[in-house]
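Before any comments, here is the structure.
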Amino acid sequence: LCLALQVIPYTGPIPGGLHPGEIIIIQGTVPPDADRFQVDLSSGCSTKPRSDVALHFSPRFNDSPCVVCNSLLRDEWGKEETLHQLPYKRGAPFETIILVHKNAFKVAVNGTHLLEYKHRIPLSGVDTFSISGNVRVHAIGYIPNS
Ligand code: 9QG
């Protein structure tokens, strides 16, 4: 399934939820003046209180470029996992692939593995995809495993 998107922030359902073996593909472009953007995989789409976020994936383009991952549980952020490496470039297009594994998410950017994030929240509840911040999205694809 592919959705063409014009609108950021975008939040939408993941058809059928997420299961091991499935893949999410995000094609977009980082604006020249980007500070940060984020992809969130959540259990529901409530904003008050905020739904639990299984994967918060946040590339940051400031003086110490990095990618921060975290989870939001009962409206509170957990411990950040920060990778001091940033394969995204201001002004450049990208393709990000999130591979869903039984024990972790694995993220690749432009064809190269970037990081692994172990599940803190059961995958079975994850049913919502969001992308927000300084990013332009061309397309999002969900590849189900059946
Ligand atoms: O800053 O870090 C991830 O650990 C917080 C940010 C927060 C997250 C969080 O303010 O920002 O990135 O969803 C959010 O609230 C985003 C936009 C310690």
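Every number here is computed from the coordinates shown, using simple stated rules; none is lab data. Remember, it's a predicted structure, so these values are computed and weren't measured experimentally. Please note: Cβ atoms are built from the backbone with ideal geometry, for glycine as well, and neighbour counts cover all protein chains shown.
Extension gain for K102-E116 works out to 3.8 nm (0.36 nm per residue, less the C-alpha to C-alpha distance). Taking other C-beta atoms within 10 angstrom as a stand-in for reagent exposure, T47, T29 fall in the order T47, T29, fewest first. Each of S132, S46, S146, S64 was scored by other Cβ atoms within 10 Å of its Cβ. Arranged with the fewest first, they read S146, S64, S46, S132. Diffusion coefficient of the range 16-142 by Stokes-Einstein, Kirkwood radius over Cα pairs, 20 °C, 1.002 mPa s: 146 µm²/s. Note on S124 and R136: their simple-model spin labels are 4.2 nm apart, each label 7 Å out from Cα toward Cβ. Each part gets one Cα centre, and for the range 26-58 versus the range 65-131 those centres are 9 Å apart. Stretched out straight at 0.36 nm per residue, the stretch from Q85 to K48 would grow longer than its current Cα-Cα span by 10.0 nm.
In plain terms, the residue of I26, I143 with the fewest other Cβ atoms within 10 Å comes first and the most crowded comes last, giving I143, I26.
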